[in-house]
Structure formats: C-alpha cells, structure tokens
Amino acid sequence: MSAKAEQAIVSLPVRLAFIVGSTALYLGLAVLGWGGFAAFFSHPALVALAVATAILAGASLLAGGNVSPGEREDRGNRWVLVAFGVIGLLAAYLPAYTDRKEFWTIDGNTIRWLGVALFAAGGALRLWPVFVLGDRFSGLVAIQPGHTLVTGGIYGVIRNPSYLGLLVNALGWALAFRSGVGVLLTALLIPPLVARMSAEERLLRTQFGDAYDAYCAQTSRLIPWLY
C-alpha cells in the first residue's frame, strides 16, 4: 500500500471525528442558547437551519482539503485560526441566546428564512473551491506539493470564493436568529480574513511571480467587480 493511501485511510476517521464533533458542538451551543431542544426545534426555520448544517457537514467530509504545512508555510498567520475559532464559538451561542431574549433582534420571520437561504448558499460557496482544489486546499497558508495556479471557473472571477462563502454563511446564521449581535460578529470576521488573504497573496506571489500578478489584475479579490 502506498504512503498516500495509508495517509488517506488514517485521515478519514480523523476527519469524520472532527467534522461530527465540531458540528455537534456548534449546533449544541445554538440549542443551548435557545433554551433546549424543544424550544429550538419548535421553529421550522431553525429546523431547516439544522438540516442545512448537517448536509454541509456531510459534504465537507467528501470535499478533501488538508491542514498540512506543505512545502512552505507562512506560520506567522496562524493567529487567524485562533481568531476564527473564538468568533465562531461566540457566533454559535450568542445569536440564539439574543434571539430567545429578544435582545437587539431584527423583526420578522422572513428574516429567519432569508438567513437559512444565505447560510446554505454561503456554505455551498465555501465548499465549492475545496472540491475544485482537493488536497491543494489547506487550512494553513502554505504551498502544497505540486501546487499550481488555478484561474478557471469561479477562480476566473474572484480569487477567494471560499472566504466570500464563509462571510455569507456566517451572515445567514446570524439572520436565521434575527440577531444584530450575530451580524456584528460576522463583521468581526473581516479583519482576520483580510489578513489571511494578504498572507496568501504574498506567498502565492513569491511562488508564481508575474503570472500571479497578471491573474490579480484580471480578477476581484473577494466581491465580484467591487473588491
């Protein structure tokens, strides 16, 4: 058996445990914030949100990706992962809690369903590039073995589609709970996200040189035709 096949066999249970565990924690905090299972699942929109979360978790198991430092990594950017983790935990609990307490909420059940739709669409956009890049998609800012510059498909429009998906997904989660606090937490994702994009661009520029500069000149960084 090849080393790559052995690594895949070992990594699948680890990925499964991580995805199931993190999804259960995220949903569990939301359920806790809303006051328990009965209260949470009494709202059709929140049931749909939980179903969408489970579907996206299942898709992420099949999407590939890694957390390998590869051939070269910008280790100075790892603080961003801590920032994402802290904001993520707060976002799991606080929107549900403030929804239950009617604190700084946005009125209207339509907002809940809009949030569910944005959550699902953002999650799909978040995972799409992982399917495209496969094992070249890393949770770290790193150059992977056999790394090539992908410029087709969605990458022909924006350079960071997965990060756009992350923001839309987070905003959708906040709106599903009608939470102004959740919207604020989504905004707090932007500074570490910009730092992450800048670190990736510096690393890719050192790897691909003029070809990457030309690619940047033809595409948007995050929002098509705006940024």
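From the set of residues in segment 68-85 that are basic (Lys, Arg) and surrounded by 13 or more Cβ atoms within 10 Å (Cβ to Cβ), which is nearest to Gln144 (Cα to Cα)? Can you show your working first?
So the first thing to find is which residues in segment 68-85 are basic (Lys, Arg), and the list is 72, 75, 78.
Filter once more, so that each one left must be surrounded by 13 or more Cβ atoms within 10 Å (Cβ to Cβ): 72, 78.
Numbers: Arg72: 7, Arg78: 16 Å.
Only one residue tops the list, namely Arg72.
For the condition at positive phi and surrounded by 13 or more Cβ atoms within 10 Å (Cβ to Cβ), what is the one hit in Gly65, Gly88? Spell out how you get there, then give the answer.
Details: Gly88 fails: at positive phi.
Matching residue, one of Gly65, Gly88: Gly65.
Looking at (1) more than 18 Å from Gly70 (Cα to Cα); (2) more than 19 Å from the chain's Cα centre (by Cα); (3) among the charged types (D, E, K, R), which one does Arg202 not meet, given that it meets all the others?
Every condition holds for Arg202 apart from (1).
With the structure loaded, tell me whether Thr23 is surrounded by 15 or more Cβ atoms within 10 Å (Cβ to Cβ), among the polar types (S, T, N, Q) and within 16 Å of Thr186 (Cβ to Cβ) or whether it fails that test.
Details: surrounded by 15 or more Cβ atoms within 10 Å (Cβ to Cβ): yes; among the polar types (S, T, N, Q): yes; within 16 Å of Thr186 (Cβ to Cβ): no.
Considered against the rule, which asks whether it is surrounded by 15 or more Cβ atoms within 10 Å (Cβ to Cβ), among the polar types (S, T, N, Q) and within 16 Å of Thr186 (Cβ to Cβ), Thr23 comes out as no.
Kindly indicate which of Gly115, Gly58, Gly122 is surrounded by fewer than 19 Cβ atoms within 10 Å (Cβ to Cβ) and either small (Gly, Ala, Ser) or touching a helix residue (DSSP H, G or I) at 6+ places or on another chain (Cβ under 6 Å) (or both).
On the way: Gly115 fails: surrounded by fewer than 19 Cβ atoms within 10 Å (Cβ to Cβ); Gly122 fails: surrounded by fewer than 19 Cβ atoms within 10 Å (Cβ to Cβ).
That would be Gly58, the only listed residue that is surrounded by fewer than 19 Cβ atoms within 10 Å (Cβ to Cβ) and either small (Gly, Ala, Ser) or touching a helix residue (DSSP H, G or I) at 6+ places or on another chain (Cβ under 6 Å) (or both).
Is there any pair linking a residue in segment 86-102 that is under 19 Å from Thr23 (Cβ atoms) to one that is of a type in the set (A, V, I, L, M) and open to solvent by 80 Å² or more (accessible area, probe 1.4 Å), with Cβ under 8 Å and at least six apart or on different chains, and which?
These pairs meet every condition: Ile87/Leu188; Ala92/Leu25; Tyr93/Leu32; Ala96/Leu32.
Please give the helices (runs of 4 or more DSSP H) falling wholly within segment 13-115 in which 2 or more residues are within 23 Å of the chain's Cα centre (by Cα).
Details: elements: 37-40, 44-62, 79-101.
Counting at least 2 such residues, we get 44-62, 79-101.
For segment 126-141, what are the residues that are in contact with a Pro (Cβ under 7 Å, 6 or more places away or on another chain) and either at pLDDT 90 or above or in a helix (DSSP H, G or I) (or both)? Spell out how you get there, then give the answer.
Quick first cut of segment 126-141, residues in contact with a Pro (Cβ under 7 Å, 6 or more places away or on another chain) only: 128-129, 137, 140.
Trp128, Pro129 - these are the residues of segment 126-141 that are in contact with a Pro (Cβ under 7 Å, 6 or more places away or on another chain) and either at pLDDT 90 or above or in a helix (DSSP H, G or I) (or both).
The values are calculated or read from the model by the stated rules, or taken from the named source; none is laboratory data. All values reported here derive from a predicted model rather than from experimental measurement. Because the Cβ atoms are built from the backbone with ideal geometry, glycine has one as well, and the counts that use them run over all protein chains shown. Heads up: the accessible areas ignore ligands, DNA and RNA and are worked out on the full protein's heavy atoms, side chains in. Shrake-Rupley method; radii C 1.70, N 1.55, O 1.52, S 1.80 Å.
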